[in-house]
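No lab work stands behind these numbers, since they all come straight from the coordinates. On a predicted model such as this, the values are computed, not experimentally measured, just so you know. Methodologically, a virtual Cβ is constructed for each residue, glycine included, from the backbone with ideal geometry; neighbour enumeration extends over all protein chains shown.
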Amino acid sequence: MDKISIPIGPQHPLLKEPLSMMVDISGEKVLGGSLRLGYVHRGIERLAQQRTYVQNIHLIERICGICSHVHTTTYCYAVEALLGIEIPPRAQYIRALMCELERIHSHLLWLGILAKHIGLDTIFMHTWHDREMVLDIMEEVSGGRISHAANQIGGVRFDLDEEKGEMIRKILIKLHSQVEGLLDVIESEPAAIARTKGVAPISPDLIKAYGVVGPIARASGVDVDMRRDASLPPYDQLEVKVITHSDGDAWARTFVRVEETRVSLNLCETIIREMPRGDVVVHAPRRVPEGEVIIRSEAPRGELFYYLRSDGSDKPARLKVRTPTLAALSLLPVQLSEINVADIPVVLAGVDLCIACADR
Amino acid sequence: MFRSLFHLLVFPGFLFLVISGLTFEWLDRKFLARFQRRVGPPWYQPLADLIKLFSKEDLLPKNANDFLATLLPLISLSSVLTAGLYVPIAGYTPFSFEGDLIVIIFLMSVPTLAYYLAGIISLGIYSVLGGGRSLLQFFSYEVPLLIALSGPAILGRSWSVSTIMETQGRLGPFIIFQPLGFVLAVVGLIGKLKRDPFDIPKATSEVVGGSLTEFSGAKLGFWNLVMDIQAVVGIFLLIDLYFGWIKMSHPILAIAIFVIECLILILVLSGTSAIFARLRIDQLAGLGWRILVPLALLQIGFVILMGV
């Protein structure tokens, strides 16, 4: 059969964010593909140089609509490192709590999208219904479902009282039982396994060559998790179970994310139980001394990298963000060969793209 | 004359089939919504969708053959409506003759072929892909479906649906003798209707809208109507062939039982589309030829031995 090219994107039912792919196919076989990026480039790094450190928190929160909190957390840790201040332990725990909640809702969102792509609309509806519980918690504690505005330089903007802690614990227990049933279905449903098992496997060498991080790397057996490796507070005091799998195919990626959801749920409960008492914010000066710093943290999609350079003024001289999705995107054309047309959605879902993060 | 017109236009013809098709679509969407923890549409939603589509602008790609694109949904609609005339409804059939089962099966296959052609002539890249897939799928489910449907015909010693039903009145419903054949026929029907898990030709995440990607307005409205009527005709046929018509002294009781059987079958169809993930086309071909065809042959062998 002749080779034909099908366009996927910038507008396509498969994509939630704009991304352009040309996929060459012959019959039902995919021969290869190419990518075009930059549809949601907003020049955030340049904009960050024109705003003060405090204003930048609100800018950086808008890099991503799913993992907004981990962006501001990493940025705040970077600024605080330059300032040489340490935030109170309670603030660290609240930041970590929000990060873990974000990971849960990001993974549930991803699970729903995968299910929708392989035609399991029921699982899609149920996961997104359960995800609402996490968003409810976030709204209750911070006031925002998506943009939480939780961080400020020197701490967090709100405190959790006993009542709210109890409320979160109750919702988490309910969520836990809901999610357990759901995850069991995903891990044992024969049609879902048939669609994902053995699809587009990635070898650990390829992962390292392309610098891919996060759940995709862990699904290929590369044991990397910034919560443990970068030992950003408070994760140095918490035990984080890192989930890895050796298969590297779409099913292993599903397995890793599903298990990570469980780990995060347990971690949330631990954080609430062990949360230290005290203040949640310390005073931070507006001007940041000269210097540069690199902070790495674990976003839901993998290692998030922030480089910040200060020239002593109240505005950053340079802010560089490297998001996990960018590395995963570079691996995408490699994965788009020797697969079926019907596997394209599975491969795309397995990457868990966040185009807004990658383009900025 | 007047009687024939009534049969053609009102019952069991056009009006009845359109109304039951729209009712089927509503029930199906409602059941599916309840499985998915949603509320689901109100009863008039399928009708409202149809009216909306008929009032919308009709667009096609520049070089597409507009005449054929108009003709194909109309041919499909007329063939499923004609098929509906010959399927007994609660035992009532005005146009029965020997061999009408074959006519029904043939007329029910016309929309699939028209669907393939619609994909080819509308010139969209996704349409061509979807059209090719629909033909591949056709070869996977049609053979087991035909073998399964010939089971009741062999047992009833006739190719007429009403004669088969009369035999069932004597022997008891054929579901007792051919449970496997019934399951295969339901699977084949799901494939014919391109429903989840066999919605491969119109999988949104893979080929956008399949063959009908480029269709809009009234043509798309007709296509939707074709799918709905095809579904109800298929459901009526399966109920006639496998659950028969237990001769009732009272016609209202017969109608009530028929409606309940239809509802159960719709529930089964909605349930399967809620539970299963979509198969890949190679997985479907494997399922069709490696599993369904041998099972269907097994069932036929059993039926033939029973007839002897």
Practice item. Taking only Cα atoms and a 10 Å spring cutoff, compute GNM fluctuations for chain B and point out the largest among B:Ile275, B:Ile121, B:Ile200. Key: B:Ile275
Point to revise | Separation in nanometres of the label points that stand 7 Å from Cα toward Cβ, at A:Val242 and A:Ala317 | key: 3.4 nm
Review point. Roughly how crowded by other chains is peptide B:271-277, in terms of the mean Cβ count from those chains within 10 Å of each of its Cβ atoms?
Key: 6
Practice item. Would you calculate, for chain A, the mean residue ellipticity at 222 nm contributed by helices, counting each DSSP H stretch of 4 or more residues as -39,500 (n - 2.57) and dividing by all residues, to the nearest 500? Key: -16000 deg cm²/dmol
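Starting from the Cα gyration tensor of region A:201-360, take the square roots of the eigenvalues, sort them a ≥ b ≥ c, and report rounded, prolate or oblate (rounded when a/c is under 1.5, otherwise prolate if a/b is larger than b/c, else oblate).
On the way: a/c = 2.63, a/b = 1.46, b/c = 1.80.
It is oblate, given that a/c is not under 1.5 and a/b is not larger than b/c.
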Review point. To the nearest 10 degrees, how steep is helix B:179-192 against the longest Cα principal axis of chain B, on a 0 to 90 scale?
Key: 20 degrees
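Taking only the Cα atoms of the protein assembly as shown, how large is their convex hull per residue, in Å³?
On the way: hull volume 116.3 nm³, N = 668.
Expressed per residue, the convex hull around the Cα atoms of the protein assembly as shown is 174 Å³.
What fraction of the Cα pairs in region A:1-88, stated in percent, has a spacing above 16 angstrom? Don't jump to the answer; show the numbers that get you there.
Working: 2591 of 3828 pairs.
For region A:1-88, the share of Cα pairs beyond 16 Å comes to 68 percent.
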Exercise for review: Give me the distance between the Cα centres of region A:260-338 and region B:49-64, rounded to whole Å.
Suggested key: 49 Å
Check your understanding: In the structure shown, do any of A:Lys3/A:Lys197; A:Lys16/B:Lys194; A:Lys116/A:Lys197; A:Lys116/B:Lys202 have a Cα-Cα gap over 19 Å, and if so which?
Key -> A:Lys3/A:Lys197; A:Lys16/B:Lys194
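If you count, for every residue in B:117-128, the Cβ atoms of partner chains within 10 Å of its Cβ, what is the mean? Walk me through the numbers before you get to the answer.
On the way: counts 0, 0, 0, 0, 0, 0, 0, 0, 5, 3, 0, 2.
Other-chain Cβ atoms within 10 Å of each residue's Cβ, averaged: 1.
What fraction of the Cα pairs in region A:4-359, stated in percent, has a spacing above 32 angstrom?
It works out to 30 percent of all Cα pairs.
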Review point. Distance in nm between label sites at B:Ala48 and B:His7, each 7 Å beyond Cα in the beta-carbon direction?
Key: 3.8 nm
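Net charge around B:Phe106, counting only other residues with Cβ within less than 14 Å of its Cβ (Lys, Arg = +1; Asp, Glu = -1)?
Taking every Cβ under 14 Å from that of B:Phe106, the sum is -1.
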Review point. For a label point 7 angstrom out from the Cα of A:Lys3 toward its Cβ, which stretches of region A:339-357 have the backbone nitrogen within less than 20 Å?
Key: A:339-344
Review point. Say we join alpha carbon atoms closer than 10 Å with springs in a Gaussian network model of chain B; which of B:Ile264, B:Ile125, B:Ile229 then has the biggest fluctuation?
Key: B:Ile264
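Determine, from the Cβ-Cβ distance of A:Glu140 and A:Lys208 and an R0 of 51 Å, the FRET efficiency 1/(1 + (r/R0)^6), rounded to the nearest 0.05.
Numbers: r = 42 Å, r/R0 = 0.82.
Efficiency, rounded to the nearest 0.05: 0.75.
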Review point. How high is the FRET efficiency from B:Ala256 to B:Gln36, r the C-beta distance, R0 22 Å, rounded to 0.05?
Key: 0.15
Review point. Against the longest alpha carbon principal axis of chain A, how many degrees, from 0 to 90 and to the nearest 10, is the axis of helix A:162-188 turned?
Key: 10 degrees
Practice item. Please determine, in degrees from 0 to 90 and to the nearest 10, the orientation of helix B:217-242 with respect to the longest principal axis defined by the Cα atoms of chain B, where the helix direction is its Cα long axis. Key: 20 degrees
Practice item. Would you please classify the overall shape of region B:103-224 from the alpha carbon gyration tensor, given that a ≥ b ≥ c denote the square roots of the eigenvalues, rounded means a/c under 1.5, and beyond that prolate means a/b larger than b/c while oblate covers the rest? Key: prolate
Review point. If you build a Gaussian network model of chain A, linking Cα atoms that sit under 10 Å apart, which residue out of A:Met226, A:Met21, A:Met167 swings the most?
Key: A:Met167
Point to revise | Estimated distance in nm for a label pair at B:Leu123 and B:Ile102, the labels positioned 7 Å out from Cα along Cα-to-Cβ | key: 4.1 nm
Practice item. Multiply the residue gap between A:Leu35 and A:Lys16 by 0.36 nm, knock off their C-alpha separation, and tell me the result in nm, one decimal place. Key: 5.3 nm
Exercise for review: Would you calculate a helix-derived [θ] at 222 nm for chain B, using -39,500 (n - 2.57) for each DSSP H run of n ≥ 4 and dividing by the full residue count, to the nearest 500?
Suggested key: -23500 deg cm²/dmol
